[in-house]
1. Can you work out which of the residues in region 1-37 that are out of contact with any Asp or Glu (no Cβ under 7 Å at 6 or more places or on another chain) and charged (D, E, K, R) is farthest from Met50 (Cα to Cα)?
2. Which residue is surrounded by the fewest Cβ atoms within 10 Å (Cβ to Cβ), if the candidates are limited to region 38-55 and must be among the hydrophobic types (A, V, I, L, M, F, W, C) and within 16 Å of Ala76 (Cα to Cα)?
3. Can you find a residue in region 2-15 that is aliphatic (A, V, I, L, M), at pLDDT 95 or above and in contact with a strand residue (DSSP E or B) (Cβ under 6 Å, 6 or more places away or on another chain)?
4. Hey, does region 17-37 have a residue that's touching a residue at least 24 places away in the same chain (Cβ under 8 Å), loosely packed, with under 13 Cβ neighbours inside 10 Å and of a type in the set (D, E, K, R)?
5. Name the pairs whose Cβ atoms lie under 9 Å apart, with the first residue in region 60-77 and loosely packed, with under 10 Cβ neighbours inside 10 Å, the second aromatic (Phe, Trp, Tyr) and modelled with pLDDT of 95 or more, and 6 or more positions between them or separate chains?
Amino acid sequence: MTTATSNRKNTLEARLTATLGFAVDVVVRGNNEFTLAAEGDKRTALRRYMSGTPGVTITECSYDEECDYTCLFFTAG
């Protein structure tokens with residue numbers, strides 16, 4: 001990942017964290033495929049936020065109780 005891309009990702013994570021009120025990690029999985037991840041059961045908050053984003057299709061949102069982590073998978077574009 002280039003420095004510019006890394007900086008953009010860090011800025012996006014900081015904005016999402018500030019907006020949602022909890023730490024959010026962004027993972028780029030492929031062309032237009034992304035994951036938002038957060039500690040704890042954050043399914044409702046992540047779904048609510050992303051469902052209002054134009055051009056985004058949520059493909060899955062799940063919570064893993066064993067590791068206490070939520071992942072929201074989506075495509076954009």
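1. Only one residue fits best here, namely Arg8.
2. Out of the qualifying residues, it is Met50.
3. no
4. Within region 17-37, one or more residues are touching a residue at least 24 places away in the same chain (Cβ under 8 Å), loosely packed, with under 13 Cβ neighbours inside 10 Å and of a type in the set (D, E, K, R).
5. Glu60/Phe73; Glu60/Phe74
The values are calculated or read from the model by the stated rules, or taken from the named source; none is laboratory data. Since this is a predicted model, take the numbers as computed values, not measurements. Cβ atoms come from the backbone with ideal geometry, glycine included; neighbour counts cover every protein chain shown.
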